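The values are calculated or read from the model by the stated rules, or taken from the named source; none is laboratory data. Model, not experiment: these values are computed from the prediction. Accessible surface areas use protein heavy atoms only, side chains included; no ligands, DNA or RNA. Shrake-Rupley method; radii C 1.70, N 1.55, O 1.52, S 1.80 Å.
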Amino acid sequence: MESVNLNPKSGLMDAIRYFSDPMVCLETVSKAKWSKGPMCPRCESQNLSFIKTRRMWTCLDCRKQFSVKVGTIFEDSAIGLDKWLTGMWLLANCKNGISSYELAKDIKVTQRSAWFMLQRIRHAMHTGSINKMTGTIEADETFIGGKARFMHAHKREEKIRGRGPMGKAIVFGMLERETGKVRAHHVTTRRKGELQHHVRENVEAGSHVYTDALKSYDGLQEYTHKVIDHAEAYVDGVVHTNRMENFWSLLKRAIKGTYVSVEPFHLFRYLDEQSFRFNERKATDAERFQMVLNCVAGKRLTYNQVRG
Ligand SMILES: [Zn+2]
């Protein structure tokens, strides 16, 4: 892994000190963004001149001026990279999430800015994998929240008629036992069609899939599907969903303790955040930071996209 001269054992204080130098921040992001050195975003020329006072490049071929923020989650943001990188360090390494109020206080920006930064960093943490999970997979669903604001009016009515606890959002997750990695999705129902679609999208045919006794899992023929009926027991030899449930309890602790409530439209970003930290739990703080940093390019997100 390309290091930022922080060593893998560096902590928050080292990071803050390190990022207090704007040129260091610029080089850190530049290295993560352009593996072969800075490049013009318009014509891809590397024939550039660096304007030190403005910390920007001018393309000598097409005359475009650009900063290291172009084409990254930092684009169009007036907030300095020192604050961005510190915020990224904090979110990559906290235990139970970090609220926009906390971050605003920590790095001295407005709460609104902090909220926006956190959403963009979560966007960088999103790791959409094209590879399917294999081996043994625990699949399970859970309810988050309890506030009616978690859903639209017509959905709320549907819930009252008995498809799930009133006003809760449903999250479906799968955990690959061999790697211990999870994928979690916000779903609208616990119906067969929706849950099985996610299983088939994410799990290689022929794998073992362990679930609870929910009828929606009936008919996963292309898998070795085993059921643990929680009305009878929680573990039957290797057949259980305990590791998935461990992830649920961490997710709920973060949402309840730190975020208090999450708008349904944004729930998937909190799932990305929690999944990222959970999946990379064996890495050091500096390594986790570097992983997020490596994903800042090509993930621009405008304010309108964030707000929805
Ligand atoms: Zn150019």
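In Å², what does the accessible area per residue of the chain work out to with a 1.4 Å probe? Don't skip to the answer; put the middle values down first.
Values: 15380 Å² over 308 residues.
Accessible surface, normalised per residue, equals 50 Å².
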Below 21 Å, Cα to Cα, which lysines can Lys256 reach? Residues fewer than 8 away in the same chain don't count. Lys95, Lys105, Lys147, Lys168
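For the chain, what is the mean residue ellipticity at 222 nm derived from helices alone (per DSSP H run of n ≥ 4: -39500 (n - 2.57); sum divided by total residues; nearest 500 deg cm²/dmol)? Spell out each step's value before the answer.
Working: 11 runs with 112 residues, N = 308.
After summing the helix terms and dividing by the residues of the chain, the value is -10500 deg cm²/dmol.
With Rg and the Kirkwood Rh both taken from Cα atoms, where does Rg over Rh land for the chain? Provide the component values of the computation, followed by the final result.
Numbers: Rg = 21.9 Å, Rh = 21.3 Å.
Here Rg/Rh amounts to 1.02.
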Distance between the C-alpha centers of the range 82-107 and the range 236-261? Whole Å please. 22
What is the extension gain from His197 to Gln221, computed as 0.36 nm multiplied by their sequence separation minus the C-alpha to C-alpha distance, in nm to one decimal? 7.3 nm
Divide the volume of the convex hull of the Cα atoms of the range 165-271 by its number of residues and quote the answer in cubic angstrom per residue. 121
Largest first and to the nearest Å, give the Cα extent of the range 243-293 along each principal axis. 30, 25, 16
Per-residue HN-Hα couplings for the range 183-199 [Karplus 6.51, -1.76, 1.60; θ = phi - 60°; Hz; x = Gly/Pro]: 10, 10, 10, 7, 10, 8, 9, 9, 6, 3, x, 6, 5, 5, 4, 5, 4
In terms of the Cα gyration tensor, with a ≥ b ≥ c the square roots of its eigenvalues, is the range 65-140 rounded because a/c is under 1.5, prolate because a/b exceeds b/c, or oblate? oblate
Using 0.36 nm per residue, how much length does the chain from Lys252 to Thr127 gain when fully extended, once their Cα-Cα distance is taken away? 42.9 nm
